[in-house]
Amino acid sequence: MKKTAQIISIISLVFFLACNGFGEKLQYQKTDVYYTDKVEKADAEKLGEFLVKSEFAGENEKSIQLSKDDENGNYQFRMVTTKEAAESEMYETIFKLYAKQISDSVFNKQPVDFHICDNTFKTLKVIPFKADETN
């Protein structure tokens with residue numbers, strides 16, 4: 001009976017991980033890049049290549065998700081980070097600049113909103129894209 005409970009637990013865990021709702025997963029060094037069905041795989045691959053080139057992807061584990069907003073069509077760069085980062089003005093400035101770089105370098109200047117997320121990709125804060133803002 002104990003073995004059956006262990007098997008059920010393992011199957012449940014595998015099912016949960018497979019159905020996490022984060023989207024399809026690509027790996028760039030130690031950075032997981034998930035993308036939803038609202039974007040093309042090619043867009044996620046271009047983003048992943050940019051993350052490596054810009055040295056965002058590297059030795060530290062990170063998780064991001066690429067999606068699009070249903071209402072305004074903006075790309076959403078969703079990054080798992082801390083609540084403290086969501087509340088920091090210094091990080092907000094950095095995130096704005098990085099979203100602008102992604103817009104310019106990856107998505108042909110299309111708007112990219114930066115979502116600061118918890119470890120389940122629940123949005124803690126949105127930093128909306130502003131093309132003319134550099135800081």
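Under the rule a/c < 1.5 gives rounded, and otherwise a/b versus b/c splits prolate from oblate, where does region 45-132 land using the Cα gyration tensor?
It is rounded, given that a/c, with a ≥ b ≥ c, falls under 1.5.
With a Förster radius of 25 Å, plug the Cβ-Cβ distance of Lys83 and Glu40 into 1/(1 + (r/R0)^6) and report the FRET value to the nearest 0.05.
0.20
About the Cα centre of region 36-128, what is the dipole size in debye to 20, counting +1 per Lys and Arg Cβ and -1 per Asp and Glu Cβ, all else neutral?
On the way: 13 positive and 18 negative charges, 23 e Å.
Charge dipole of region 36-128: 100 debye, to the nearest 20.
Give the residue from Tyr91, Val80, Phe114 lying farthest towards the positive end of the charge dipole for region 69-133; charges sit on Cβ (+1 for Lys and Arg, -1 for Asp and Glu) and the dipole is referred to the Cα centre.
So the residue furthest toward the plus end is Val80.
Could you check the simple spin-label distance between Asp69 and Gln101, using points 7 Å along Cα→Cβ, in nm with one decimal?
2.2
Calculate, for region 54-119, the solvent-accessible area per residue in square angstrom, rolling a 1.4 angstrom probe over the heavy atoms of the protein chains.
55
Take peptides 59-68, 22-31 and line them up by average Cβ neighbours within 10 Å, highest first, as a rough protection proxy.
59-68, 22-31
The values are calculated or read from the model by the stated rules, or taken from the named source; none is laboratory data. Because the structure is a prediction, the values reported are computed rather than measured. So basically every Cβ, Gly included, is an ideal-geometry build from the backbone, and we count neighbours across all protein chains shown. To get the accessible areas, we keep the full protein, side chains included, count just its heavy atoms, and leave off ligands, DNA and RNA. Shrake-Rupley method; radii C 1.70, N 1.55, O 1.52, S 1.80 Å.
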